[in-house]
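Have a look at the structure below, then the notes.
The values are calculated or read from the model by the stated rules, or taken from the named source; none is laboratory data. For clarity, every value in this text was computed on a predicted model and none was experimentally measured. For neighbour counting, all protein chains shown are included, and Cβ atoms are generated from backbone atoms with ideal geometry for every residue, glycine included. Accessible surface areas use protein heavy atoms only, side chains included; no ligands, DNA or RNA. Shrake-Rupley method; radii C 1.70, N 1.55, O 1.52, S 1.80 Å.
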Amino acid sequence: MKNYIKDQIKKSYETKQAIYENEDLLNKIEEVSKLCVELYKGPNKTILAGNGGSAADAQHIAAELVGRYGFDRPSIPSLALTTDTSNLTAIGNDYGYDKVFSRQLEGMGQNGDIFIGISTSGNSENIINAFIAAKKKGITTVALVGKDGGEMAQIADISLVIPSNSTPRIQESHILIGHIICDIIEKETFGNGVS
């Protein structure tokens, strides 16, 4: 069993090594980070959504910004569309599950916001619909995906595609990237910046 455990750790490391060596992906992570830092100079916010484990990641990233990531500072506005059960169940019941995020964006998204859709496959219909709604409102869309990026990677303004076909490895890498972005936002906005 110990060898199996070590193998799982090795596979996680190898996925992160592939990200570390992917200049295009690193450039896109930097681009999203800079867009978020610029966003927070004004009245806008980041909005996140995903399904299942990706919903948890959306909530985790939003909480790091609203609460704190590395040090005490003013709260940073961020919203996970996965947390309001009344909205989710009402929209799901009245309009269909494929509209649970797009309907919320129509009501709460503003021109200049950034919407980060999270999906391991890149084919979550409710996130795709949210991207369409976001674009209509002038909201920048970021796909945080894996595998081949799916449809989300094709329609998002920026696509961060994890180079893996393994759902656990993709999810581990999503939270790593989320943490990096939160760290940069926090340090650039309230700290001494990053080099």
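Points to keep in mind about this one:
- Only one of Lys6, Lys34, Lys16 that is of a type in the set (D, E, K, R), open to solvent by less than 70 Å² (accessible area, probe 1.4 Å), assigned to a helix (DSSP H, G or I) and farther than 19 Å from Ala80 by Cα: Lys16
- The range 26-38 residues that are in contact (Cβ under 8 Å) with a residue 12 or more places away in the chain, paired with ones that are hydroxyl-bearing (Ser, Thr, Tyr) (beta carbon under 8 Å, 6 or more apart): Lys28/Ser159; Leu35/Thr140; Cys36/Thr46; Val37/Thr189
- Among the criteria (1) within 30 Å of Gln8 (Cα to Cα); (2) in a helix (DSSP H, G or I); (3) not hydroxyl-bearing (Ser, Thr, Tyr), the one Leu144 does not fulfil is (2).
- From the list Ile158, Ile128, the lone residue that is among the β-branched types (Val, Ile, Thr) and within 15 Å of Gly50 (Cβ to Cβ) is Ile128.
- Look at the range 131-159: where a residue is open to solvent by 10 Å² or more (accessible area, probe 1.4 Å) and a partner is of a type in the set (S, T, N, Q) and part of a strand (DSSP E or B), sitting 6+ places away or on another chain with Cβ atoms under 6 Å, you get Ala153/Ser159; Ala156/Thr141; Asp157/Thr140; Asp157/Thr141.
- Summed over the range 49-90, the residues that are in contact with a strand residue (DSSP E or B) (Cβ under 7 Å, 6 or more places away or on another chain), free of Cβ contacts under 8 Å to residues at least 24 places away in the same chain and either of a type in the set (Val, Ile, Thr) or surrounded by fewer than 19 Cβ atoms within 10 Å (Cβ to Cβ) (or both) give a count of 1.
- Exactly one residue out of Ala134, Ala153 is under 13 Å from the mean Cα position of the chain (by Cα) and farther than 28 Å from Gly70 by Cβ, and it is Ala153.
- Here is the figure for the range 91-120: residues that are assigned to a loop (DSSP other than H, G, I, E, B) and open to solvent by 40 Å² or more (accessible area, probe 1.4 Å) total 3.
- Test: residue in the range 54-74 that is touching an Asp or Glu at 6+ places or on another chain (Cβ under 9 Å), at pLDDT 95 or above and part of a helix (DSSP H, G or I): yes
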